[in-house]
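S.K.: Below you'll find the structure I mean.
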Amino acid sequence: MIAPGNGSSDTRESPHMIKLSSHWRVRSVEQERVAALAGVLGLSPLTATVLCGRGVVEPEQAKAWLASSGGSTHDPFALPDMERAVDRLHLAIQRCERICFYGDYDVDGMAATSLHLLFWRSVGAQAEVYIPDRQEEGYGLHESAIRKLGHGGVSLLLTADCGTTSYREIEVARSLGMDVIVTDHHQLQSRMPEPVAFINPYRPDSVYPFQGLCSGGLAYKVVEAYARKYGAADVPVESFRDLVALSSIADMVPLRDENRVLVRDGLAQVAQGNRCGIRALTQDLGLNGTCSAGTIGFRVAPRLNAAGRLAHAGLGVRLLTADSEPVALQLAQQLEELNRRRREIEEAMTREAIAQVEAGDQPHAIVVGAEGWHSGVVGIVAARLVERYHRPAAVVAFDRDGLGKGSVRSVAGFDVCQALRQCQRDLVAFGGHPMAAGLTVRREAYADFSRRFGEGVEGAMDDSLKVPTLDVDAAVALADVQFPFVRELERLQPFGMGNPEPTLMSRGVSVLEKKVVGDNHLKLVVRQPGSVPLESIGFRMGGLAHAIDAGHGRIDAVFTPELNEWKGSTRIQLRLRDVRVE
């Protein structure tokens with residue numbers, strides 16, 4: 001099985017790739033709940049509306065969302081097999097066994113294995129890391145790697161972000177006298193593996209109250225459980241929340257429940273520059289002070305992911321575990337160069353993929369492939385195609401021997417693995433999540449896979465998912481978009497999957513000024529009766545300038561309000577998400 005490429009934050013490196021929506025859907029909320037929440041917490045009705053639209057309807061729950069610090073997380077021992085896992089790890093430390101942390105080559109895998117390496121060495125473990133080469137080995141546990149580790153003296157193997165479907169590889173490890181602990185958040189297929197401990201929130205017998213942890217979050221839970229039972233060294237477990245924040249944002253897990261607490265605290269640690277390697281990355285990018293989830297998703301995570309895509313993810317682990325400022329800065333510069341090359345490869349592959357799509361007839365799902373494409377970039381290109389065509393997309397890179405490694409991306413609400421299960425006879429292997437999956441296919445089966453995948457999508461995809469939809473938190477008058485309200489909305493951070501940036505809608509907006517700036521960005525000054533003029537920016541929307549003229553300068557707009565600081569002054573700016581010309 002190859003990776004689902006869950007370092008999909010790369011697709012968000014530019015926040016300007018917004019495809020205009022054909023359907024705006026305003027969230028439905030009960031006004032009684034809105035009024036009650038606003039009254040108890042002293043919030044504006046609009047902020048209370050945004051909270052209620054996200055299911056945050058109880059005052060205590062809302063207080064937790066609005067809090068800048070604190071907040072509870074769940075008992076790590078509620079995860080299945082947790083006690084068995086930490087007992088085995090403790091025994092390995094007592095016996096001076098060699099422990100290997102086997103991770104994935106995306107940001108989640110790099111951060112999880114870095115967390116393990118730093119913590120377990122701090123408590124005296126003989127710890128090492130193994131991450132497979134993306135090009136030579138591909139995703140997951142590999143028999144050859146296990147045999148090499150076993151012959152090298154490793155007696156305990158702990159996985160991060162892989163292992164759920166590695167039935168044979170776990171048996172091989174057992175035959176070599178090696179115990180395996182699996183920590184993973186991939187969905188199960190036909191049966192559960194049988195390692196010494198299997199920690200996965202998707203286990204059918206799990207009683208853990210939250211399924212949304214990434215592998216970095218699971219690594220944190222393992223070390224937290226160990227510290228509770230056996231004590232920790234001089235490194236506080238909470239100090240690793242910056243690595244959990246990297247994992248969670250890059251892996252696009254929902255920023256709800258305990259993930260909000262872990263990510264919020266982790267972002268504060270990133271902003272403070274607590275970790276040498278992360279500090280080097282942010283300094284190289286010219287970032288100072290507060291660090292948002294968007295900064296991690298759009299700028300930091302793509303550079304870390306570039307290591308696994310074009311070189312080796314071990315480079316990212318070295319950076320995240322570095323304790324030397326000069327070494328960290330050198331590694332950060334290497335990652336920046338790799339990321340530059342990644343962008344060039346991605347742009348060329350995307351152009352070729354679009355040409356294939358335009359030349360064919362694929363009404364329900366997109367499948368494109370070619371020899372010579374870079375397998376480390378197929379996931380990003382698949383995401384680009386979904387953005388452009390709003391259809392599930394599979395992109396496959398074939399090697400000279402006709403073996404194709406591909407990534408699949410889906411549209412919101414459609415489980416792409418459901419369609420892939422109908423193609424099992426055509427695939428060497430596949431696996432992943434509802435929104436992202438990986439596959440291996442031979443060239444001779446490619447045509448049948450393409451046909452069957454399209455049929456699977458057509459048969460299972462609800463018609464409502466075939467139309468791009470933009471969820472709107474509330475319809476507002478521009479006069480209501482005031483500084484106190486925008487500052488209240490900022491308290492809902494961190495924004496990301498499961499907690500998107502607040503999105504508002506105003507109708508009948510007059511355009512006072514317009515111009516196209518930069519890379520085809522639309523800059524407007526807009527106003528409604530009773531409001532002050534407000535500047536707005538629509539990234540990559542410059543083509544709408546002529547349509548606004550034809551529409552007599554009036555628009556309906558969906559936007560996110562934000563505070564824009566420039567030369568010591570702060571003003572409200574509307575970041576346009578979609579525009580309709582009257």
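The values are calculated or read from the model by the stated rules, or taken from the named source; none is laboratory data. None of the values given here were measured: they were computed from a predicted structure. Glycine also receives a Cβ, built like all others from the backbone with ideal geometry; neighbour counts cover every protein chain displayed. The accessibility values were calculated without ligands, DNA or RNA, using every heavy atom of the protein model including side chains. Shrake-Rupley method; radii C 1.70, N 1.55, O 1.52, S 1.80 Å.
S.K.: Candidates [x] 29; [y] 48; [z] 58; which is the computed percent of Cα pairs over 39 Å apart?
M.R.: The calculated read-out lines up with [x].
S.K.: Enumerate the amide H contacts of Ala429 below 5 Å, restricted to partners 5 or more residues apart or on another chain; note that Pro and chain-start residues carry no placed amide H.
M.R.: Thr440
S.K.: Are there trypsin sites (Lys or Arg not before Pro) in region 372-449 that DSSP puts in a loop and that have at most 11 other Cβ atoms within 10 Å, and which ones? List each step's numbers first, then the result.
M.R.: Values: sites: Arg384, Arg388, Arg400, Lys405, Arg409, Arg421, Arg425, Arg442, Arg443; in loops: Arg400.
Passing both the DSSP loop test and the Cβ count: Arg400.
S.K.: Please give me the summed charge of the neighbours of Glu337: other residues whose Cβ is under 12 Å from its Cβ, Lys and Arg +1, Asp and Glu -1. Show your work: numbers first, answer last.
M.R.: Numbers: positive: Arg303, Arg340, Arg341, Arg342, Arg343; negative: Asp284, Glu336, Glu344.
Result for the neighbourhood of Glu337: +2.
S.K.: Considering the options Thr440, Gly273, Val525, tell which one lies farthest towards the positive end of the dipole of the chain, charges being +1 on Lys and Arg and -1 on Asp and Glu at the Cβ, about the Cα centre.
M.R.: Sorting the options by dipole projection puts first Val525.
S.K.: Any idea what the dipole of region 499-546 comes to, in debye rounded to 20, about its Cα centre with Lys/Arg Cβ at +1 and Asp/Glu Cβ at -1?
M.R.: Values: 6 positive and 4 negative charges, 32 e Å.
With Lys and Arg at +1 and Asp and Glu at -1, about 160 debye.
S.K.: Under the definition of Cα pairs under 8 Å and six or more residues apart, what whole-number percent is the relative contact order of the chain?
M.R.: Working: 1175 pairs, mean separation 92.1, N = 582.
Relative contact order for the chain comes out at 16 percent.
S.K.: Over region 447-582, calculate the relative contact order: mean separation of alpha carbon pairs under 8 Å at least 6 apart, over the residue count, as a percent.
M.R.: Values: 218 pairs, mean separation 29.2, N = 136.
Relative contact order comes out at 21 percent.
S.K.: Take the alpha carbon gyration tensor of region 530-582, find the square roots of its eigenvalues, order them as a ≥ b ≥ c, and report rounded if a/c is under 1.5; if not, report prolate when a/b exceeds b/c, else oblate. Mind dumping the intermediate values first?
M.R.: Numbers: a/c = 2.30, a/b = 1.85, b/c = 1.25.
The shape class here is prolate.
S.K.: Might you report the magnitude of the Cβ-based charge dipole of region 322-474 about its Cα centre, with Lys and Arg at +1 and Asp and Glu at -1, to the nearest 20 debye?
M.R.: Details: 18 positive and 24 negative charges, 78 e Å.
So the magnitude is around 380 debye.
S.K.: Ok, one more. Summing Lys, Arg as +1 and Asp, Glu as -1, what charge do residues with Cβ under 10 Å from the Cβ of Leu158 carry, Leu158 excluded?
M.R.: Details: positive: Arg88; negative: Asp179.
In short, 0.
S.K.: Where the only charges are on Cβ atoms (+1 Lys, Arg; -1 Asp, Glu), what is the dipole of the chain about its Cα centre, to the nearest 20 debye?
M.R.: Approximately 660 debye in magnitude.
S.K.: Okay, next question. What are the GluC sites (Glu not before Pro) within region 69-165 that DSSP puts in a loop, where the Cβ has at most 15 other Cβ atoms within 10 Å? Don't skip to the answer; put the middle values down first.
M.R.: Numbers: sites: Glu83, Glu97, Glu128, Glu136, Glu137, Glu143; in loops: Glu97, Glu136, Glu137.
For GluC sites (Glu not before Pro) across region 69-165 that sit outside H, G, I, E and B with at most 15 neighbouring Cβ atoms in 10 Å, the list reads Glu136, Glu137.
S.K.: Something else: Kindly provide the trypsin sites (Lys or Arg not before Pro) of region 58-144 that DSSP labels as loop, not H, G, I, E or B, and whose Cβ sees at most 12 other Cβ atoms within 10 Å.
M.R.: Working: sites: Lys63, Arg84, Arg88, Arg95, Arg98, Arg121, Arg134; in loops: Arg95, Arg134.
Taking region 58-144 and a limit of 12 other Cβ atoms within 10 Å, the loop trypsin sites (Lys or Arg not before Pro) found are Arg95.
S.K.: Relative contact order, percent, of region 224-314 when contacts are C-alpha pairs under 8 Å separated by at least 6 residues?
M.R.: On the way: 64 pairs, mean separation 21.4, N = 91.
Reported as a whole number, the value is 24 percent.
S.K.: Order of 496-508, 478-490 by packing, highest average Cβ count within 10 Å first? Before the final figure, lay out each step's value.
M.R.: Numbers: 496-508: 19.6, 478-490: 16.9.
Highest to lowest by the protection proxy: 496-508, 478-490.
S.K.: Rank Gly568, Ala460, Pro484 by how far each Cα sits towards the positive end of the charge dipole of region 454-582 (+1 on Lys, Arg Cβ; -1 on Asp, Glu Cβ) and give me just the farthest.
M.R.: Value: Gly568.
S.K.: A further question on this structure: Farthest toward the dipole's positive end in region 103-253, which of Gln187, Gly177, Tyr105, given Cβ charges of +1 (Lys, Arg) and -1 (Asp, Glu) about the Cα centre?
M.R.: Gly177
S.K.: Under 28 Å Cα-Cα from Lys148, which lysines qualify once same-chain neighbours fewer than 8 residues away are excluded?
M.R.: The reachable lysines, counting only those whose Cα sits under 28 Å from Lys148, are Lys405.
S.K.: So what's the Cα pair-distance distribution over region 123-183, bin width 10 Å, in %?
M.R.: The distribution over region 123-183 is 22, 59, 18, 1, given as percents.
S.K.: Rounded, prolate or oblate: which fits region 187-270, taking a ≥ b ≥ c as square roots of the Cα gyration tensor eigenvalues, rounded meaning a/c under 1.5, else prolate when a/b beats b/c? Write down the numbers at each step before the final one.
M.R.: Numbers: a/c = 2.32, a/b = 1.31, b/c = 1.77.
Oblate.
S.K.: Below 11 angstrom from the Cβ of Ile146, what's the summed charge of the other residues (Lys, Arg +1; Asp, Glu -1)? List each step's numbers first, then the result.
M.R.: Numbers: positive: Arg147, Lys148, Arg168, Arg174; negative: Glu143, Glu169, Glu171.
Summing Lys and Arg as +1 and Asp and Glu as -1 gives +1.
S.K.: Taking 0.36 nm per intervening residue step and subtracting the Cα-Cα distance, what contour gain separates Glu336 from Glu171 on full extension?
M.R.: Values: separation 165, 0.36 × 165 = 59.40 nm, distance 3.99 nm.
Contour length minus the Cα-Cα distance gives 55.4 nm.
S.K.: While we're on this one: So for each of 304-316, 183-195 I average, over its residues, the number of other beta carbons within 10 Å; can you give me the resulting order with the highest mean first?
M.R.: 304-316, 183-195
S.K.: Leaving out ligands, DNA and RNA, and with a 1.4 Å probe, what % of the accessible surface on the chain is carbon or sulfur? The partial results should precede the final answer.
M.R.: Working: 11300 of 23330 Å².
The C+S portion of the solvent-accessible surface of the chain is 48 percent.
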